[in-house]
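Engineer: The structure under discussion is supplied below as C-alpha cells; questions concerning it will follow.
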Amino acid sequence: MEKKPYYITTAIAYASGKPHIGNAYEIVLSDALARFKRAQGYDVFFQTGTDEHGQKIELKAKEKGVEPKAYVDDVAGVIADMWKSLGVEWDKFIRTTDAYHEKQVQKLFRKFYQQGDIYKGAYEGWYCTPCESFWTESQLKDGKCPDCGRDVTKAKEEAYFFKMSAYADRLLAYYDEHPEFILPLSRKNEMVNNFLKAGLQDLCVSRTSFKWGIPVDFDPDHVTYVWLDALTNYITGIGFDADGHNDPLYDKYWPADVHVIGKDIVRFHVIYWPIFLMAAGLPLPKQVFGHPWLLVGGDKMSKSKGNVLYPDDLVKVFGQDAIRYYLLSQVPYDNDGTITLEAVTEVANTALANTYGNLLSRTVAMSQKYFDGVVCDKGASEPLDEELKAVAVGAYAKVAAKMDSFHVADALDDIFAIFVRANKYIDETVPWVLARDPALSDRLSTVLYNLTEALTIGTSLLLPFLPTTAQKALEQLNVEARKVEDLDKWGLYPSGNKVTAGDKLFQRLDVAQVLKAYEELTAPNSDQNQGHSERSEAESSESNKSIHSHSEQSIAAPRKPEINIDAFGQVELRVGKILHCEKVPKASKLLVSQVDLGEEQPRQIVSGIAKFYTPEEMVGKTVIVVANLAPVKLCGVLSQGMLLCATGADGGIILLTPEKDAPAGAEVR
C-alpha cells in the first residue's frame, strides 16, 4: 500500500545572524511533527532553510568587509549546525540564493507582470531596515516601527507593486470555505478584522535602493523584494517550475499539509502567500499554524536587553533532549511560553530525571535483582493492574488527536501520564515487599512485566519528541519501538525477554552549577563569543561535568581527631539503591527510605534531608550507607543505617553517590 504524502515546512530563517532559542522552538516543533507523521506511516517531506536576500544583509556584509554571498554562506552554515545540535533532521534545506529558486522567482515575477497583477509605481513612506518593511504614517506607533519598535526613515523610490486588493474578496471566501486553513482561530480573526475588512493595500514587491536581491530580469534596476522571494521557497524547494515542467516531488507533495510559522508572520502567510498562489493558478496549502512565541522570563529576546539564549549553549549545558522536551512541553497552543535557566533545570529534574528516568532505572534494576533481568508475564493479574493498562493503551489515540491539532505540549502530557501512573503503580504494588515471599513470585514477575510493557508503550510514543533518549531507553528495555497500530494493545512485550541496565537517561542538575556553567560558557572571552566557532569537545565535556555533579566549591570544615586504619575498619560502608521513600509523619525534616543493600530484605533508613530532597527525587538513587550502625528509632520510626552526605557551599545537604554504577551491597573501602 502506497504511503500517503505529508509535506511540512518551517518559515525559513533570516540569514542575518545566529538564531536564538525562541527561533528554535519552531524547528523542533516541526521536527517532532514530522517524526510523528513518519511513525504513523506517512511519506513525509520536511523542508526548512534560510532567507538570504535584503538590505539588512547587504549592510551587515559591508560592515564585515565581505561580499553578501560570502556572508550568507557563513550564516546559513551556522543556522544549519544550530538546528542539527537540536537533533533536527530535514529532507530539504533550501537557500534563497540557490540558483533554481532565483530562476523560478524571476519567472513568477514576469508572469504576474504580464497578466497585470504587478504594476510599476513609486513608494513613499516610513521604512524600517531591520524588518525590511514600509509603513504609512498612521501605522507607526509613537513614530517607530509597529513591529519591532525601532526607528524608521523616510523613503521614496520607484517600485513594482502587487495588486493585493484584487484578490481580497476571493481570499475571504476561501477562509469561509476552509475554516481549518488558519490555526489557531484567533489568528484568523485578527487577519480578517485588521487587514482584509479594513482594506487590503497593494504590496511593494521590488526595490531599487539596494542590490542584494534577485534581479527583475526585464528591469535590472529592480531586485525582488522580500516576500515574493521568500514565500515561494515552499514550492521551488520541491521542484515547482513556472513554465509547467514541475519535478515529480512537486506533483507528489503540493499542496503542503502545513506551514509552521511564528505568529508575527501570519499575515504574510495567510494573506500575501495565498494571493500569490491564486494569481499563479496553484492550490493553497492545507493549513497554516501560527505558533506562539517563547519569551525569556516574560520578555521578548533582544541582544540590546542582554537576555538572548542560544540553542547550542543550552544544549551544551542541559543536553539535546532536555532542551527539546522543554521547548515542546512548555509552550502552550495559543499562549506564549517562557524560558529561564532555572525553569529548564526544574523541568529537567522533575519530568525527565525523576518521572521518566527513575522509572526506567527502578524497573530494570528490580527485574535484574529479582529475575536476573528476565521479564515474564506469569498471568498473576489483579484488578489493581487495570488502571495502568488503560492509561497506557489509551494514550496513542489522545496523542494522535493532539498532534493533528498541533497541541504538542498536551500530547506530551498524555505520554507522561503513562509514566506518572507507572510510578504510582510501583508504590501500590511495592515489589520489594512481594519479593520477600516466594509464594508471590509470579505476582512480582507480572508486576515487573506490566511496568516494562507500560514503559515500552510510553517510550515508543516519546520517540518523535526525544529521539536520542527514547532510543537509549528502548535499548535498555531490549525492544524495538512499538508500531503505531499496536500502541493500543497490551501484552506485546515478549515474555521471557531480558532487560539490560544502562546509564541514567538524565542526571539531576543543581541550579547553581547550571548558572555557573552557562555563565562560563557565554563569557565575553569564551570561544562561543568570538564568532560562530564551536567550543572544543574537551571544553564541552568539562561544562557538562560541572553541572551533572554537585558543588565543586571548597569548604574548610573543622577537622576531627585522627584515627588509625583499624578504627576506620570498624565502619562498614556499602552501596545501596533506594527502592522507596516517603516522608515521616509529623517530622518535617525526616524521610524514610527502603534501601537495597544486596540483602534478603531492604533496610529502612531515616534521614534528616527532607528540606533538600523530595521522596520522588530519592527513589532510584545509588547511595553510600553506613551499614553497621546500631538501629535507632527517630520520631518512632526504626532506622537501620545512615546515608552519607556532604555539606554544600550553601549549607545544603548533598547525597554521596558512586562515580560509576555499582551493585547494591558492594563494599566501599
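Taken together, the values in this text are just the output of simple stated rules run on the coordinates, not laboratory data. For clarity, every value in this text was computed on a predicted model and none was experimentally measured. Here Cβ is always computed from backbone atoms with ideal geometry, including for glycine, and neighbour counts include all displayed protein chains.
Engineer: Please work out which option in (i) 57, 29, 23; (ii) 49, 31, 23; (iii) 56, 29, 20 gives semi-axes √(5λ) of the Cα gyration tensor in Å calculated from these coordinates, and answer with its label.
Structural biologist: Entry (iii).
Engineer: What is the distance, in nm, between label points placed 7 Å from the Cα along the Cα-to-Cβ direction at ALA630 and at GLU63?
Structural biologist: 7.4
Engineer: Quick check: from the Cα gyration tensor, does segment 565-668 come out rounded (a/c under 1.5), prolate or oblate?
Structural biologist: Rounded is the answer for segment 565-668, as its axis ratio a/c remains below 1.5.
Engineer: Here's another thing I want to ask about it. Please list, by residue number, everything in segment 34-67 whose backbone N is under 16 Å from a paramagnetic label point 7 Å out along Cα→Cβ of ASP91.
Structural biologist: Counting only backbone N, you get 34-49.
Engineer: For ASP147 and SER381 in one chain, what is 0.36 nm times their gap in residues minus the Cα-Cα distance, to one decimal in nm?
Structural biologist: 78.1 nm
Engineer: Suppose every K and R has +1 on its Cβ and every D and E has -1 on its Cβ; what is the size of the dipole of segment 594-636 about the Cα centre, in Debye to the nearest 20?
Structural biologist: It works out to roughly 240 debye.
Engineer: Hey, another quick one. In degrees, nearest 10, range 0 to 90: what is the angle between the Cα axis of helix 55-64 and the longest Cα principal axis of the chain?
Structural biologist: Approximately 70 degrees, to the nearest ten.
Engineer: What angle do you read, to the nearest 10 degrees and between 0 and 90, between the alpha-carbon axis of helix 359-371 and the longest principal axis of the chain?
Structural biologist: For 359-371 against the chain, the angle is about 40 degrees.
Engineer: While we're here: Evaluate the relative contact order of the chain (contact order divided by residue number), counting alpha-carbon pairs under 8 angstrom at least 6 apart; express in whole percent.
Structural biologist: Once normalised by length, the contact order is 11 percent.
Engineer: Rounded, prolate or oblate: which one fits segment 336-405, using the alpha carbon gyration tensor with axes a ≥ b ≥ c (rounded when a/c is under 1.5, else prolate when a/b beats b/c, else oblate)?
Structural biologist: oblate
Engineer: Separate question: Taking the Cβ of ASN450 as the center, what net charge do the other residues with Cβ under 13 Å away carry, scoring Lys and Arg +1 and Asp and Glu -1?
Structural biologist: Summing Lys and Arg as +1 and Asp and Glu as -1 gives -3.
Engineer: Something else now. Just in segment 192-266: which chymotrypsin sites (Phe, Trp or Tyr not before Pro) are loop by DSSP and have at most 13 other Cβ atoms within 10 Å?
Structural biologist: Those satisfying the criteria are PHE218.
Engineer: How do GLU600, GLU346, GLU453 line up, fewest other C-beta atoms within 10 Å first?
Structural biologist: GLU600, GLU346, GLU453
Engineer: Where the centroid of each part is defined by its Cα atoms, how far is segment 597-644 from segment 358-386 in Å?
Structural biologist: Comparing the Cα centres of segment 597-644 and segment 358-386, I get a distance of 24 Å.
Engineer: Sticking with this one: Give the order of HIS259, HIS580, HIS245 when sorted by the count of other beta carbons within 10 angstrom, beginning with the fewest.
Structural biologist: HIS245, HIS580, HIS259
Engineer: Could I ask something else about it? Check THR338: other-chain or 5+ apart residues with amide H under 5 Å from its amide H, H built from backbone geometry?
Structural biologist: Close amide H contacts, sequence-distant or interchain: LEU295.
Engineer: Another question about this same structure. For ARG669 paired with ASP217, estimate the spin-label separation in nm (one decimal), with each label point 7 Å from Cα along the Cα-to-Cβ line.
Structural biologist: In this crude label model, ARG669 to ASP217 measures out at 8.3 nm.
Engineer: Let me ask something else about it. How big is the Cα convex hull of segment 70-195 in projection, averaged over all directions, in nm²?
Structural biologist: 11.7
Engineer: Starting at the first residue of segment 146-157, write each ³J(HN,Hα) from the Karplus equation 6.51 cos²θ - 1.76 cosθ + 1.60 with θ = phi - 60°, in whole Hz, x for Gly and Pro.
Structural biologist: x, 8, 10, x, 8, 5, 10, 10, 6, 9, 9, 7
Engineer: In addition: Between rounded, prolate and oblate, where does segment 152-288 land on the alpha carbon gyration tensor, with a ≥ b ≥ c its root eigenvalues, rounded for a/c under 1.5, else prolate if a/b exceeds b/c?
Structural biologist: oblate
Engineer: Nearest-5 percent of antiparallel DSSP beta bridges in the chain?
Structural biologist: 70
Engineer: Order these peptides, 65-75, 113-123, by their mean beta-carbon neighbour count within 10 angstrom, highest first.
Structural biologist: 65-75, 113-123
Engineer: Can you compute the FRET efficiency between GLU480 and MET1 using 1/(1 + (r/R0)^6), with r the Cβ-Cβ distance and R0 = 25 Å? Round to the nearest 0.05.
Structural biologist: Taking R0 as 25 Å, the efficiency between GLU480 and MET1 is 0.75.
Engineer: Among LEU352, GLY394, PRO431, flag the residue with its Cα farthest along the positive direction of the charge dipole of segment 329-436, charges on Cβ as +1 for Lys/Arg and -1 for Asp/Glu.
Structural biologist: PRO431
Engineer: Further question on the same structure: Which angle between 0 and 90 degrees, to the nearest 10, do you get for helix 511-521 versus the longest principal axis of the chain when only C-alpha atoms count?
Structural biologist: Long axis of 511-521 versus the principal axis of the chain: about 50 degrees.
Engineer: Please enumerate, by chain and number, the aspartates and glutamates with C-alpha under 14 Å from the C-alpha of LYS369, excluding those fewer than 8 residues away in the same chain.
Structural biologist: Partners within reach: ASP596, GLU599, GLU600.
Engineer: Can you spot the aspartates and glutamates whose alpha carbon is less than 12 Å from LYS660's alpha carbon? Ignore those fewer than 8 places along the same chain.
Structural biologist: Straight-distance partners of LYS660: ASP503.
Engineer: Considering segment 303-377, what Rg and Dmax in Å follow from its alpha-carbon atoms?
Structural biologist: 17.4, 60
Engineer: Here's a follow-up. Pairs LYS424/LYS589; LYS60/LYS107; LYS18/LYS154; LYS69/LYS263; LYS300/LYS402: which exceed 25 Å Cα-Cα?
Structural biologist: As for pairs spanning more than 25 Å Cα to Cα, those are LYS60/LYS107; LYS18/LYS154; LYS69/LYS263; LYS300/LYS402.
Engineer: TYR119 versus GLU428, label points 7 Å from Cα toward the beta carbon: distance in nm?
Structural biologist: Result for the modelled spin labels: 7.2 nm.
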